[in-house]
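These notes concern the structure reproduced below.
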Amino acid sequence: MTTTSGTAPLAFRHRPDLGELPATAHNHESNLHTSFAHDTDNAVYYGLPDVGVLRMTGDMRSTTVIPVPAGYHALNFHSVRIATIDDEQRLICTVNDAEQGVVLFLDGEAVFTLGRPSLPPYDDPDTAYKPTDALLVGDDLFVADGYAANHIAVADMNSRTWTRVFGG
């Protein structure tokens, strides 16, 4: 069995002793399409469709499934970020195939969901909206629509409403 791939300086070696997925995630691993976020303890968080959010310890020796509400279970969390909101770390997840952004506590409890922006150009139902990444700057959440109209939508995290759209 080949245990390495690539060539130096980008050669990788498989370490079966690290990062073993929970059994409930094994049949869904081929659907993995996400980014990774890390918290202040260096734990890594990522989304897996039909599983939810996974948390890998900083030493990569243990991975657990964080239970998410039933309505979020099947979502493809295309991007997972960690941001501090109200002095607490939260997961900010973009869901490109469901036109939404989801904010969760680190234990998986839902805080709120931002749906499709109601501002131009997204007020036109023929304009696709597929959020692919997000970044919190102050109280503004910048959400990139990288697979559709290529705009940036901005939401105010205090009011939880969309405030503007730019780019394209």
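The values are calculated or read from the model by the stated rules, or taken from the named source; none is laboratory data. A quick note: this is a predicted structure, and the numbers were derived from the prediction, not measured. Glycine also receives a Cβ, built like all others from the backbone with ideal geometry; neighbour counts cover every protein chain displayed. Accessible surface is based on the protein model in full, side chains and every heavy atom, while ligands, DNA and RNA are left aside. Shrake-Rupley method; radii C 1.70, N 1.55, O 1.52, S 1.80 Å.
Answer with yes or no whether THR113 is farther than 25 Å from GLY52 by Cβ, open to solvent by 40 Å² or more (accessible area, probe 1.4 Å) and not hydrophobic (A, V, I, L, M, F, W, C).
The answer is no for THR113.
List the strands (runs of 3 or more DSSP E) that sit entirely inside the stretch 57-168 and contain at least 2 residues that are under 23 Å from ASN42 (Cα atoms).
Result: 63-66, 79-85, 88-95, 100-105, 110-114, 133-137.
Does LEU32 satisfy being over 13 Å from the mean Cα position of the chain (by Cα), of a type in the set (A, V, I, L, M) and at pLDDT below 85?
no
When you check GLY101 against the structure, is it without any contact (Cβ under 8 Å) to a residue 60 or more places away in the chain and open to solvent by 60 Å² or more (accessible area, probe 1.4 Å), yes or no?
no
Has the stretch 69-85 got any residue that is surrounded by 13 or more Cβ atoms within 10 Å (Cβ to Cβ), touching a Ser or Thr at 6+ places or on another chain (Cβ under 6 Å), closer than 26 Å to ALA25 by Cβ and among the aromatic types (Phe, Trp, Tyr)?
Checking the stretch 69-85: at least one residue is surrounded by 13 or more Cβ atoms within 10 Å (Cβ to Cβ), touching a Ser or Thr at 6+ places or on another chain (Cβ under 6 Å), closer than 26 Å to ALA25 by Cβ and among the aromatic types (Phe, Trp, Tyr).
Answer with yes or no whether LEU10 is surrounded by 10 or more Cβ atoms within 10 Å (Cβ to Cβ) and either touching a residue at least 60 places away in the same chain (Cβ under 8 Å) or of a type in the set (A, V, I, L, M, F, W, C) (or both).
Taking the combined requirement at face value, the residue does not satisfy it.
Scan the stretch 1-36 for residues that are closer than 30 Å to GLY146 by Cα and in a loop (DSSP other than H, G, I, E, B) and jot them down.
GLY6, PRO9, LEU10, ALA11, GLY19, LEU21, LEU32, HIS33, THR34, SER35, PHE36
Can you confirm whether the stretch 40-54 contains a residue that is open to solvent by 70 Å² or more (accessible area, probe 1.4 Å) and touching a strand residue (DSSP E or B) at 6+ places or on another chain (Cβ under 8 Å)?
Yes, that holds for at least one residue.
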